[in-house]
1. Which of the residues belonging to segment 148-158 are at pLDDT below 85, touching a helix residue (DSSP H, G or I) at 6+ places or on another chain (Cβ under 8 Å) and farther than 15 Å from residue 101 by Cα?
2. Would you point out the residue of segment 159-193, among those that are part of a helix (DSSP H, G or I) and of a type in the set (Phe, Trp, Tyr), that is modelled with the lowest pLDDT?
3. So the check is Cβ under 7 Å with 6+ separation or different chains; which pairs have a first residue in segment 49-65 that's more than 22 Å from residue 176 (Cβ to Cβ) and a second one that's open to solvent by 10 Å² or more (accessible area, probe 1.4 Å) and not in a helix (DSSP H, G or I)?
4. In segment 15-52, which residue that is part of a helix (DSSP H, G or I) and open to solvent by 50 Å² or more (accessible area, probe 1.4 Å) is nearest to residue 133 (Cα to Cα)?
5. Keeping to segment 81-134, report how many residues are touching a Gly at 6+ places or on another chain (Cβ under 8 Å), in a loop (DSSP other than H, G, I, E, B), buried (at least 18 other Cβ atoms within 10 Å of the Cβ) and among the charged types (D, E, K, R).
6. Go through segment 135-169 and give me each residue that's hydroxyl-bearing (Ser, Thr, Tyr) and surrounded by fewer than 16 Cβ atoms within 10 Å (Cβ to Cβ).
7. So for segment 53-71 (the condition being open to solvent by less than 70 Å² (accessible area, probe 1.4 Å), over 18 Å from residue 120 (Cβ atoms) and over 18 Å from the mean Cα position of the chain (by Cα)), does at least one residue qualify?
Amino acid sequence: MFIYCACPCFANNNVEFISAYDILGTIRNDYTISIYEHYIITLESYGIFNVRQKLEHMLLLDFIVGNIDRHFNNFGVLRNSNTLEFIDVAPVFDTGSSLGSNKAAPFFHIDKNDEIYSFETDEFTQFHLIKNKYDLSTLKDITIWVKDFLTRTQYVYPEKVNKIVQFLNYRIKYIFQGGHTKEFPFLHDDNPPFLFFYCLVYPFFLVVIFCKICLSIPLRNRL
């Protein structure tokens with residue numbers, strides 16, 4: 001079984017993508033606030049609504065799947081290319097560097113805290129930028145689906161499937177516990193050659209996870 005992910009293109013002749021890197025250069029930051037807060041304020045000044053919540057959905061997805069490639073050119077906004085009016089935050093894209101796609105099973109540590117180049121410098125610190133509470137009960141059985149999905153392919157060997165399931169359980173449990181676990185996540189630098197096919201397989205079910213997150217409703221009292 002060959003599996004791939006195909007999503008509609010969100011840009012066209014009338015709608016253009018503007019990266020976060022370019023957005024951050026449009027309004028001067030006096031560095032009295034973080035880059036993250038500066039980015040939110042900048043987008044709000046351009047008339048984009050619910051910026052924080054939309055960014056948190058992206059950060060939440062990235063944390064759950066361990067995406068380490070959310071640099072400032074891998075997210076941004078959409079703009080009308082004729083009127084130059086900002087439309088909205090761009091859909092999440094480029095999640096191929098997730099779930100240990102660049103590591104064989106023995107080197108894929110479920111408590112990893114990899115270095116990233118985004119609003120923060122590591123995965124767990126960036127996760128704690130999220131301020132709202134979300135009901136993620138829809139993710140309760142997601143690992144069952146993921147294991148079944150990957151087991152039916154011939155491209156991900158059983159040891160890696162088990163590691164992926166363990167990793168997802170670890171991250172989801174961390175969120176349910178309010179961002180606290182008994183184990184401290186260490187930074188691991190192992191980086192053996194990766195199987196390129198992961199970049200094709202993973203986005204297919206990352207879309208499922210993200211859709212579940214987007215349907216979550218902010219709650220005050222529980223995660």
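The values are calculated or read from the model by the stated rules, or taken from the named source; none is laboratory data. Quantities reported herein were computed from a predicted structural model and do not represent experimental measurements. Note that each Cβ is placed from the backbone with ideal geometry, even for glycine, and that neighbours are counted across all protein chains shown. In case anyone asks, the SASA skips ligands and DNA or RNA and just uses the protein heavy atoms, side chains included. Shrake-Rupley method; radii C 1.70, N 1.55, O 1.52, S 1.80 Å.
1. Keep residues of segment 148-158 that are at pLDDT below 85, which gives 153-155.
From what's left, touching a helix residue (DSSP H, G or I) at 6+ places or on another chain (Cβ under 8 Å): 153, 155.
Across segment 148-158, the qualifying residue is only 153.
2. Within segment 159-193, the subset part of a helix (DSSP H, G or I) is 159-176.
Next cut, of a type in the set (Phe, Trp, Tyr) only: 167, 170, 174, 176.
Details: 167: 97, 170: 96, 174: 94, 176: 89.
Within segment 159-193, the match that is modelled with the lowest pLDDT is 176.
3. Close Cβ pairs (under 7 Å, with a partner that is open to solvent by 10 Å² or more (accessible area, probe 1.4 Å) and not in a helix (DSSP H, G or I)) amount to 51/89; 54/89.
4. My answer is 52.
5. Qualifying residue count, segment 81-134: 2.
6. Selection gives 137, 138, 151, 153, 155, 157.
7. The answer is no, given that none of the residues of segment 53-71 is open to solvent by less than 70 Å² (accessible area, probe 1.4 Å), over 18 Å from residue 120 (Cβ atoms) and over 18 Å from the mean Cα position of the chain (by Cα).
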